[in-house]
Amino acid sequence: MPKIRECLIEETTRHGKTRYLFQRESGGRRITIRGTPNDPDFEKTYEYLLAGGDLQKEYQESLFRRIREKEQPYTVQELGFHYFDYIDTLLRKQKMSPYTAQHYSRFINRFVKEYGQAPIESVEPHHIHQVLDGWSDTDNAFNNALRAIKHLFRYGEQRWGLSANPSRLIRKEDIVTDGFTPWEREEVEAFFRTHERGSMAHMAMTLLIHAAPRRADLAILGPSHIETIRGEEVLKFRPQKTRKKSGVSVIVPMTASLRDAIDASYDGGDTYIRSSRGTPFTPESLGTKMSEWVQEAGLRPNLSCHGMRKTVGIDMAENGASLYEIMAALGHTSPKASLVYTKEADRRKLSQSAAAKSTLSQFITR
């Protein structure tokens, strides 16, 4: 049986007919290709087999069978398929926020695309590191992606008893930062000078000052969050970040300035802050819009919604609010989170006190 091309054998049957067989290796399976070389259909089938199309088809059929019969995942793709079902379950039970689910799914989809056919046990920590390094331009991006990958393999351990968890040994990058940049008083004043009462920007900043919501919560605040408690009108909401774990609510008094801002800008709809099309913002699009509003006011480009939340916490601490008062106002479930603001306020006070005690400034000439 002469081999006339790569993996292609010409054979004469006992009836004297010529047929063509595709065989990858000696002794391996032989696949008959109908027709003769150079015929379009023949060449199409040959190229399909040469590219491994039949193997891919067999792999997919095996994959779907294993998934359908709920066999223990063998490949990264199988694990990913079950993981997305798991994420859907967490969403239905309200044990994961839609934002977190979207965040994790984006990274896992990408990971499955790159490593889908690899057996889970073949994935080593250095493979994960290479993937994360390729995805990440910053240490924060690295840590965000790593968090999603760890969640995938923890799911494999807990739900399927998989022993292989290559992400366990990978440590997140240490980041030395003061976090989001707080706003200065002059910048808040300049923002309001640019964005007048009745504008969406004015409404957003007013809500940030009074309620200090995270961006995801700011995007959804609306009339449904207004309640009357003991005869007093309040703005009440459960932060999306912690609602699945604690259910703690933030309750903000309806002050005259907050009510005035709502009355001046709200004209219907589910949310107080809406795009130019009248639709609610997503957390991401609201962040982009805040950057535009900041730019229009001529302020530092790194000012953000969360920076304003930080400013509110620091301002409370500087004016004598206790740690637990700040926890209640910002919806924190742990004193550790609120300590960030009290420490910042303490540093400012200590710095001012120390500067007042220095006598060297008298030597500065004018």
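The values are calculated or read from the model by the stated rules, or taken from the named source; none is laboratory data. This is a predicted model, so every value here is computed, not measured. With ideal geometry, Cβ positions are generated from the backbone for all residues, glycine too; neighbour counts draw on all protein chains shown.
In table form, for the structure just shown:
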quantity: Residue check, I170 in the same structural domain as F111 (by TED's automatic domain parsing) and among the aliphatic types (A, V, I, L, M); calculated: no
quantity: Test result for D263, among the acidic types (D, E), surrounded by fewer than 19 Cβ atoms within 10 Å (Cβ to Cβ) and modelled with pLDDT of 90 or more; calculated: yes
quantity: Those residues of the range 1-30 which are surrounded by 15 or more Cβ atoms within 10 Å (Cβ to Cβ), touching a helix residue (DSSP H, G or I) at 6+ places or on another chain (Cβ under 8 Å) and closer than 29 Å to Q117 by Cα, in sequence order; calculated: C7, L8, F22
quantity: I120 vs. criteria more than 13 Å from I170 (Cβ to Cβ), assigned by TED's automatic domain parsing to the domain that holds E78 and in contact (Cβ under 8 Å) with a residue 12 or more places away in the chain; calculated: yes
quantity: Test: residue in the range 114-125 that is under 25 Å from E284 (Cα atoms) and either among the small types (G, A, S) or not in a loop (DSSP other than H, G, I, E, B) (or both); calculated: no
quantity: Those strands (runs of 3 or more DSSP E) lying entirely in the range 218-336 with at least 2 residues in contact (Cβ under 8 Å) with a residue 12 or more places away in the chain and within 25 Å of L91 (Cβ to Cβ); calculated: 232-237
quantity: Members of the range 238-267 that are of a type in the set (V, I, T), closer than 29 Å to S334 by Cβ and within 31 Å of the chain's Cα centre (by Cα); calculated: T242, V248, V250, I251, V252
quantity: Matching residues, the range 66-75, being touching a strand residue (DSSP E or B) at 6+ places or on another chain (Cβ under 8 Å) and either crowded, with 18+ Cβ neighbours inside 10 Å or within 30 Å of L286 (Cα to Cα) (or both); calculated: T75
quantity: Residue among L208, L235 that is under 24 Å from the mean Cα position of the chain (by Cα) and at pLDDT 90 or above; calculated: L208
quantity: Count - residues of the range 110-128 that are farther than 20 Å from L162 by Cα and surrounded by 13 or more Cβ atoms within 10 Å (Cβ to Cβ); calculated: 2
quantity: The range 82-109, subset among the hydrophobic types (A, V, I, L, M, F, W, C) and without any contact (Cβ under 8 Å) to a residue 24 or more places away in the chain, residue surrounded by the most Cβ atoms within 10 Å (Cβ to Cβ); calculated: I87
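Every residue, every condition in (1) among the aliphatic types (A, V, I, L, M); (2) in contact with a Leu (Cβ under 8 Å, 6 or more places away or on another chain); (3) farther than 15 Å from L152 by Cβ; (4) not assigned by TED's automatic domain parsing to the domain that holds R19, yes or no:
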| site | (1), (2), (3), (4) |
| --- | --- |
| T32 | no, yes, yes, no |
| G35 | no, no, yes, no |
| Q56 | no, no, yes, yes |
| D88 | no, no, no, yes |
| K95 | no, no, yes, yes |
| R110 | no, no, no, yes |
